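Here is the structure we will look at.
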Amino acid sequence: MNTSETGTRAERLRTTLLHAFPGAEVTVRDDSGLHAGHAGARPGGETHYAVRVVAPGFAGMSRLARSRAVHAALEAEFGGGMHALALELRAPGEG
């Protein structure tokens with residue numbers, strides 16, 4: 001997904017993840033305000049996010065494989081100024 005598209009980065013993250021992981025439940029929280037003055041923070045924000053994805057496709061995948069899959073899906077956003085991403089990645093039924 002191209003970062004020049006309209007909408008907030010949070011909306012683009014959610015849309016990209018829903019497309020990459022069919023049937024997923026996706027929650028995206030912009031934590032940029034909590035990181036003002038830190039490395040990677042910018043005055044306009046949209047740099048630091050927390051993402052929770054519960055996806056059927058994660059069943060049987062290791063934590064590392066899940067993380068790699070999410071990072072691959074969001075590669076364009078990292079290239080477009082996103083600095084940090086906190087991840088909670090689960091398969092349905094996982095606590």
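Here, each number is a calculation from the coordinates, and none is a lab measurement. Since the model is a prediction, treat every value here as computed from it, not as a measurement. Note that we place each Cβ from the backbone using ideal geometry, even for glycine, and neighbour counts take in every protein chain shown.
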### Message
Neighbour counts of other C-beta atoms within 10 Å: give me 12, 90 arranged from fewest to most.
### Response
90, 12
#### Entry: Ranked 89, 13, 64, 18, criterion: other C-beta atoms within 10 Å, fewest first
64, 18, 89, 13
